[in-house]
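S.K.: Have a look at this one.
The values are calculated or read from the model by the stated rules, or taken from the named source; none is laboratory data. Values in this document were obtained by computation on a predicted structure and should not be read as measured data. Neighbour counts are summed over all protein chains in view; Cβ atoms, including those assigned to glycine, are modelled from backbone coordinates with ideal geometry. Just the protein is used for accessible areas: all its heavy atoms, side chains included, with ligands, DNA and RNA removed. Shrake-Rupley method; radii C 1.70, N 1.55, O 1.52, S 1.80 Å.
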Amino acid sequence: MDPLALFTLQVLNALSLSALLFFIALGLTLIFGIMRVVNFAHGAVFMLGAYCGVAAQTATGSFAASLLAAPLAGAALGLAFERSALSRLYAREHSAFLLVTFGLALALTEAIRLIWGADARQTELPAVLAGIVFVMDEPFPVYRLLLIGAGGLCWLLCWLGLQRTRLGLLLRAASQNPTMTAALGNDVGRVRAMVFALACALAALGGALAAPLLSASLGLGSNVIIDAFVIVMIGGMGSFIGTVAGSLLVGFAQTFGNFYVPELALGMTYALMITVLVLRPGGLFGRPE
Amino acid sequence: MLSLSEITGGYAKAQVLEGVSLDAAAGAVTALIGRNGVGKTTLMRGVMGLLPRMQGRISLDGAALGGLPTHARARAGLGYVPEGRQIFPELTVMENLAVGQRQPSRLWPEARLFALLPNLRDRRANAGRALSGGEQQMLAIARALVTDPRVLLLDEPSQGLAPMVVQELARVLRQLADEGVAVLLVEQNLRLTEAVADRILIMARGRIVHDDTAPAFRAAEDELRHRWLSM
Ligand SMILES: Nc1ncnc2c1ncn2[C@@H]1O[C@H](COP(=O)(O)OP(=O)(O)OP(=O)(O)O)[C@@H](O)[C@H]1O
Ligand SMILES: [Mg+2]
């Protein structure tokens, strides 16, 4: 096979993986930005999205329905969890927050096991998406191209949302100075709840998009949260552009690592993280606190 | 009119306010002065609902504010220019102004605001952190103005401003009061205070120890300074 074609396919593979990771890492970084804490449950929400997507598609026969059901379920769960538990903890120690989100991750995993059982679940993609296209005369799955498009669209919409909407402005303001944001008449608690719900919706949508590729299984959440942590550390906690860069770096490192040096593939992500953090301890786009 | 009565409170381990009562009348500049550390900033934070513990009555035109969260107090008409500016460093000047504007300002449309603070006009697209200290201070004031406050709380707004700009600030505060705003000004700068204040209050040991008109303050200034203000 033509090495250039091979390389191109790997680039596309890497981009599609980056896109999936972006969905979960972006929410993690937005939550960190405004709450200054890490949401350990974010991987479990991604996994819940995958299962909800599969269930919705099984029930309705429509893949589009899965892409609607998953973010709705994610947003509802995020909102309920933020209002009932997290909102009471901001004033306290961060460790309480971490424990509670860790507890949610465990509870969600067990709930999924109870509802859907321990076996991995997968559904068929609709015929148009299950097909292949030829890229430089080599076959490539259509669905991976769709993922790249979805990731790009998500990036664009979230960037516009952050820059152009009132919620985006308040999210940025509250990330920098929550006290003054409130003293200027804004309900910061409400902003936090909406950001948390949105971040969970994004993660769940990412899960639903990943389901046809990776299948919904109980290990999905813990696998993907580690990659998401690495991305957020590389990019710089709370930085939008850093998350984009981090997702691309991790997506490319894993894809090319797997392909060209499979023995070292597992270590690639960590080697990348350590290199970046040694050179720039705050991450690529991190700002000193 | 903003009215405080028997305010006590402070931080987890330190009681700072020991029963503060004062009125800041609409249409007047009420100045609050006092030595470092007597609790002026703590009082301002208390009025905004930013203290971990506080008791006493706070009312705005007769309506109690005491139980309200910070954002509701701001919406009720309190504008806050905090000590140390506290602008949003990563937001542009225009974005800093927009944070407090749920709707466009009635009293301070852009043209009027920038006529008042022309430096900000040239810096409108710059990030807050790129401004000079004086420009940041003006931004903090402008940010409170565009919320159309009925009461404006200012905590040492002249800090870091050049003398020319302090004069400008005095003019702005006077103008605001003349338009009916209740201005409560905490200051170390006695020249500014005497130039604009209708009443001058002195705080010591968590209480108001002197409360009189500006002319009365000037008449007894030497003694008051010696007793309550010098180190
Ligand atoms: N966050 C805090 N936690 C505990 N104590 C505090 C805190 N902030 C201030 N204090 C204490 O409360 C007292 C009053 O401080 P405050 O800042 O209100 O004084 P101030 O009159 O504004 O002084 P200055 O003129 O220097 O601004 C001081 O003894 C100070 O050490
Ligand atoms: Mg002070």
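S.K.: If you project the alpha carbons of the protein assembly as shown onto their three principal axes, what span does each projection cover, largest first, in Å?
M.R.: 95, 47, 42
S.K.: While we're looking at this one, here's another question. Reported to two decimal places, what Rg/Rh ratio describes the range B:156-225 when computed on Cα atoms with Rh from the Kirkwood expression?
M.R.: Computed over Cα atoms, the ratio is 0.97.
S.K.: In addition: Please list the non-local residues whose amide H lies under 5 Å from the amide H of residue B:16, H modeled 1.01 Å from N, same-chain partners needing a gap of 5 or more.
M.R.: Correct list: B:9, B:10, B:11.
S.K.: Hey, could you grab the Kirkwood Rh for chain B? Inverse mean 1/r over distinct alpha carbon pairs, Å, one decimal.
M.R.: Across chain B, the inverse of the average 1/r is 17.9 Å.
S.K.: Continuing with this model, one more query. Looking at the range B:45-96, which trypsin sites (Lys or Arg not before Pro) are DSSP coil and have at most 15 other C-beta atoms within 10 Å of their C-beta?
M.R.: Of the trypsin sites (Lys or Arg not before Pro), not one in the loops of the range B:45-96 has a Cβ with at most 15 other Cβ atoms within 10 Å.
S.K.: Roughly what would the spin-label model give for residue A:215 and residue B:132, points 7 Å off Cα along C-beta, in nm?
M.R.: Output for this residue pair reads 6.7 nm.
S.K.: Pairing the Cα long axis of helix A:166-176 with the longest principal axis of chain A, what angle in degrees results, from 0 to 90 and rounded to the nearest 10?
M.R.: 70 degrees
S.K.: Test of understanding: what is the full-extension gain from residue A:278 to residue A:260, defined as 0.36 nm times their sequence separation minus their Cα-Cα distance?
M.R.: Using 0.36 nm per residue and subtracting the Cα-Cα distance, I get 4.0 nm.
S.K.: Additional query: Along the positive direction of the dipole of chain B (beta-carbon charges: Lys, Arg +1; Asp, Glu -1; about the Cα centre), which of B:210, B:84, B:99 reaches farthest?
M.R.: B:99
S.K.: Would you please name the GluC sites (Glu not before Pro) within the range A:28-114 that are DSSP coil residues with at most 10 other C-beta atoms within 10 Å of their C-beta?
M.R.: Taking the range A:28-114 and a limit of 10 other Cβ atoms within 10 Å, the loop GluC sites (Glu not before Pro) found are A:93.
S.K.: When DSSP beta bridges are limited to those with both residues in the protein assembly as shown, what percentage is antiparallel, rounded to the nearest 5?
M.R.: Rounded to the nearest five, the antiparallel share is 60 percent.
S.K.: Using square roots of five times the C-alpha gyration tensor eigenvalues, list the equivalent-ellipsoid semi-axes of the range A:134-289 in whole Å, biggest first.
M.R.: Taking √(5λ) for each Cα gyration eigenvalue gives 31, 20, 14 Å.
S.K.: Restricting everything to alpha-carbon atoms, can you work out Rg to Rh for the range B:15-88 with a Kirkwood hydrodynamic radius?
M.R.: Rounded to two decimals, Rg/Rh equals 0.93.
S.K.: Something else about it: According to the square roots a ≥ b ≥ c of the eigenvalues of the Cα gyration tensor, what is the shape class of the range A:242-289, taking rounded for a/c under 1.5, prolate for a/b larger than b/c otherwise, and oblate for the remainder?
M.R.: oblate
S.K.: Sticking with this one: In nm, to one decimal, how far is the residue A:94 label point from the residue B:92 one, both placed 7 Å along Cα→Cβ?
M.R.: 3.2 nm
S.K.: Taking the DSSP beta bridges in the range B:2-229 as the whole, what percent of them are antiparallel, to the nearest 5?
M.R.: 60 percent
S.K.: Output wanted: per-residue J couplings in Hz (rounded whole) for the range B:214-222, from phi through Karplus 6.51 cos²θ - 1.76 cosθ + 1.60, θ = phi - 60°, x for Gly and Pro.
M.R.: 4, x, 5, 4, 4, 4, 10, 4, 4
S.K.: Oh, and also: Is there a quick way to get the dipole size of chain A? I mean about its Cα centre, with the Cβ of Lys and Arg at +1 and of Asp and Glu at -1; what is the value in debye to the nearest 20?
M.R.: Dipole size: approximately 1060 debye.
S.K.: Checking a compactness column here: for chain A, what do you get for Rg(Cα) / (2.2 N^0.38 Å), N being the number of residues?
M.R.: Dividing the Cα radius of gyration by 2.2 N^0.38 Å gives 1.00.
S.K.: How much net charge surrounds residue B:134 when only the other residues with a Cβ under 14 Å from the Cβ of residue B:134 are counted, with Lys and Arg +1 and Asp and Glu -1?
M.R.: -2
S.K.: Of A:126, A:39, A:108, which is farthest along the charge dipole of the range A:35-190 in the positive direction, counting Lys and Arg as +1 and Asp and Glu as -1 at C-beta?
M.R.: A:39
S.K.: Turning to a different aspect of this structure: About the Cα centre, and with charges only on the beta carbon of Lys, Arg (+1) and Asp, Glu (-1), how big is the dipole of chain B? Nearest 20 debye, please.
M.R.: 520 debye
S.K.: In deg cm²/dmol, rounded to 500, what helix-only [θ] at 222 nm does chain B give when every DSSP H run of at least 4 residues adds -39500 (n - 2.57) and the total is split over its residues?
M.R.: Only helices count here, giving -9500 deg cm²/dmol.
S.K.: Then there's this: Before rounding to the nearest 500, sum -39500 (n - 2.57) across all DSSP H runs of length at least 4 in chain A and divide by the residue total; then give [θ] at 222 nm in deg cm²/dmol.
M.R.: -26000 deg cm²/dmol
S.K.: May I ask you to compute the full-extension gain from residue A:132 to residue A:166, defined as 0.36 nm times their residue separation minus their alpha-carbon distance, rounded to one decimal in nm?
M.R.: Extra length from residue A:132 to residue A:166 when fully extended: 8.1 nm.
S.K.: What FRET efficiency comes out for residue A:84 versus residue A:142 if R0 is 51 angstrom and r is the Cβ-Cβ distance? Round to the nearest 0.05.
M.R.: Calculated transfer efficiency: 0.80.
S.K.: For helix A:94-116, report the angle its Cα long axis makes with the longest principal axis of the Cα atoms of chain A; keep it between 0 and 90° and round to the nearest 10°.
M.R.: Its long axis makes an angle of about 40 degrees.
S.K.: Relative to the Cα centre, what is the charge dipole magnitude of the range A:136-199, using +1 at the beta carbon of each Lys and Arg, -1 at the beta carbon of each Asp and Glu, and rounding to the nearest 20 debye?
M.R.: It works out to roughly 380 debye.
S.K.: Rounded to whole Å and sorted largest first, list the principal axis extents of the Cα atoms in the range B:41-122.
M.R.: 44, 26, 19
S.K.: If you don't mind, another one. Could you please put A:200, A:158 in sequence from largest to smallest accessible area, using a 1.4 Å probe?
M.R.: Result, largest first: A:158, A:200.
S.K.: A further question follows. Kindly express, to the nearest 10 degrees and within the range 0 to 90, the angle between helix B:133-145's C-alpha long axis and the longest C-alpha principal axis of chain B.
M.R.: Helix B:133-145 sits at roughly 80 degrees to that axis.
S.K.: Between the alpha-carbon centers of the range A:136-164 and the range B:167-231, tell me the distance in whole angstrom.
M.R.: Their Cα centres are 61 Å away from one another.
S.K.: What is the local net charge at residue A:47, summed over the other residues whose Cβ is closer than 15 Å to its Cβ (Lys, Arg +1; Asp, Glu -1)?
M.R.: So the environment of residue A:47 carries a net charge of -1.
S.K.: Just name one of A:136, A:74, A:169: the one whose Cα is farthest towards the positive end of the charge dipole of the protein assembly as shown (beta-carbon charges, Lys/Arg +1, Asp/Glu -1).
M.R.: Of A:136, A:74, A:169, it is A:169.
S.K.: While we're here: Beyond 23 Å, how much of the Cα-Cα pair distribution for the range A:41-171 remains, as a whole percent?
M.R.: In whole percent, the share of Cα-Cα pairs in the range A:41-171 beyond 23 Å is 51.
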